[in-house]
Amino acid sequence: MARYTGPSCRQCRREGVKLYLKGERCYSPKCAVERRKSAPGQHGSARRKPTQYAIQLREKQKLKRIYGLTEKQFKLTFVKAEKFKGVVGENFLSLLERRLDNVIYRLGFTESRKQARQLVSHGHVQINGRKVDIPSYLTRPGEEVGIKENSREIPYVKEGMEKSTAKVVPVWLALDPAQMKAKVMAIPAPTDFADIQVDEKLVVEFYSR
């Protein structure tokens with residue numbers, strides 16, 4: 001399945017919650033979820049009692065859309081999470097958090113994960129001083145993530161860093177704002193992605209059917 005290229009706000013309305021896909025707009029009165037509570041489409045306002053399958057599907061779709069993955073990428077990440085020791089749901093979220101595009105977003109270099117994915121794909125990001133243009137690159141403890149020196153003047157990167165002072169950087173990342181670099185200190189723990197309002201147990205149940 002190809003990556004979704006339609007309006008981001010439509011995805012939030014479909015899930016009925018803010019997925020924070022458009023950066024600052026999500027915090028303003030212009031947010032589509034605030035203005036139109038119903039799901040998109042002709043029958044969006046219809047009320048039906050969802051089945052257990054529908055509940056699991058919606059949680060899966062919500063999480064996939066938050067991180068901006070295709071169905072294939074999402075499923076492969078879940079399969080990888082199943083191979084690790086521990087709780088599958090927590091392993092899954094940890095792998096999603098360690099993606100390079102998500103790390104760039106968490107550090108405040110961009111206002112959304114979509115912007116972060118574009119920044120990485122265009123070759124503006126380095127790992128330990130070397131260019132990495134793969135958004136799905138899995139960061140590891142001890143690695144240094146940074147923006148290339150000649151890319152630090154990109155308007156939305158500068159704007160993102162100016163606003164990042166109000167953004168809480170996860171404890172598993174040590175940010176040096178002046179150098180636009182950060183060090184991955186540890187594997188993210190469950191408390192580090194508590195802001196992701198998704199019941200990962202339902203996602204595990206969906207794939208375990």
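Please enumerate the residues belonging to the stretch 106-139 that are under 23 Å from V203 (Cα atoms) and without any contact (Cβ under 8 Å) to a residue 40 or more places away in the chain. Within the stretch 106-139, P135, Y137 qualify.
Number of residues in the stretch 62-100 that are part of a helix (DSSP H, G or I) and either at positive phi or not aromatic (F, W, Y) (or both) equals 26. For the stretch 155-186, a tally of residues being more than 14 Å from G108 (Cβ to Cβ) and in contact (Cβ under 8 Å) with a residue 12 or more places away in the chain returns 6. In this structure, does K201 turn out to be free of Cβ contacts under 8 Å to residues at least 60 places away in the same chain, charged (D, E, K, R) and surrounded by 12 or more Cβ atoms within 10 Å (Cβ to Cβ)? When the stated conditions are applied, K201 does not pass them. Quick one: would you say R99 is at pLDDT 95 or above, crowded, with 22+ Cβ neighbours inside 10 Å and within 29 Å of K183 (Cβ to Cβ)? Considered against the rule, which asks whether it is at pLDDT 95 or above, crowded, with 22+ Cβ neighbours inside 10 Å and within 29 Å of K183 (Cβ to Cβ), R99 comes out as yes. Taken together, the residues in the stretch 128-150 that are in contact with a Lys or Arg (Cβ under 9 Å, 6 or more places away or on another chain) and either farther than 20 Å from P170 by Cα or of a type in the set (V, I, T) (or both) amount to 5.
The values are calculated or read from the model by the stated rules, or taken from the named source; none is laboratory data. The structure displayed is predicted, hence computed values, not measured ones. We place every Cβ from the backbone using ideal geometry, glycine too, and count neighbours over all the protein chains shown.
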